[in-house]
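Here the structure is laid out as C-alpha cells; the discussion comes afterwards.
The values are calculated or read from the model by the stated rules, or taken from the named source; none is laboratory data. Bear in mind that the values here come from a model prediction, so they are computed numbers and not experimental data. Note that we place each Cβ from the backbone using ideal geometry, even for glycine, and neighbour counts take in every protein chain shown. Surface areas here come from the heavy atoms of the whole protein model, side chains and all, with no ligands, DNA or RNA. Shrake-Rupley method; radii C 1.70, N 1.55, O 1.52, S 1.80 Å.
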Amino acid sequence: MDARTELLISVDGAEATDEDGQLLASWLREDPELAGTWQIGTRARPAPDAMGAAEFITAVLVQATAEIGVYALLRSAYDYLRNRSHRRLAVTVQVDETTRLTLDSSADLTRQQLTELAERARDALRDGRDELG
C-alpha cells in the first residue's frame, strides 16, 4: 500500500441496482463534510456477474487522519442507507484484502458503533502501512 488511502465501496443487497451505486457516489460527492477530505470516483467491478451495482465507488483520502476521514465517510454512507430504509440495501467498504465493513439499511447504528467501525478501518490501514515500512 502506498501513502494514499483508497477504499472501495459497493452497494449490494437483494434490491441493489446500478443506479444505487451512482446515487451513492453522487451522495458522497455532495456531502459537505467529505469535501476536501475524500476524492470520490468510480471503477468497474472485476466480475461482471457480481451482485449489486456494476461499479465500485472509489474513495481516496486526500487530507485528515484515516480515523476521522473514515468515520465521516461511514456516517455519510449510513445516512444514505437510512434515507432508503424502505429498500433492502447494504453498503460495503473494502478497506484492504481482509477488512470489509458492511452497513445495512435495516440496522440502527449508534455513533459509537460507527466510531468502532472507523477504528477497525484505521487499524487495518495502519497494519498495512507497517508491513510496508
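Given the structure, is T98 among the β-branched types (V, I, T) and at pLDDT below 85?
Numbers: among the β-branched types (V, I, T): yes; at pLDDT below 85: no.
When the stated conditions are applied, T98 does not pass them.
Only one of the numbered conditions (1) of a type in the set (D, E, K, R); (2) at pLDDT 85 or above; (3) touching a helix residue (DSSP H, G or I) at 6+ places or on another chain (Cβ under 8 Å); (4) assigned to a helix (DSSP H, G or I) is violated by E67, and that is (2).
Using the structure shown, decide if T102 is in contact (Cβ under 8 Å) with a residue 12 or more places away in the chain and open to solvent by 20 Å² or more (accessible area, probe 1.4 Å). Show your work before the answer.
Values: in contact (Cβ under 8 Å) with a residue 12 or more places away in the chain: yes; open to solvent by 20 Å² or more (accessible area, probe 1.4 Å): yes.
The answer is yes for T102.
Taking only pairs six or more apart or across chains, which ones have beta-carbon atoms under 6 Å, a first residue in segment 62-87 that is open to solvent by 40 Å² or more (accessible area, probe 1.4 Å), and a second residue that is among the small types (G, A, S) and not in a loop (DSSP other than H, G, I, E, B)? Taking only residues 6 or more apart or on different chains, the pairs are E67/A118; Y71/A118. Answer yes or no as to whether L117 is surrounded by 14 or more Cβ atoms within 10 Å (Cβ to Cβ), among the hydrophobic types (A, V, I, L, M, F, W, C) and within 12 Å of the chain's Cα centre (by Cα). Spelling it out, L117 is indeed surrounded by 14 or more Cβ atoms within 10 Å (Cβ to Cβ), among the hydrophobic types (A, V, I, L, M, F, W, C) and within 12 Å of the chain's Cα centre (by Cα).
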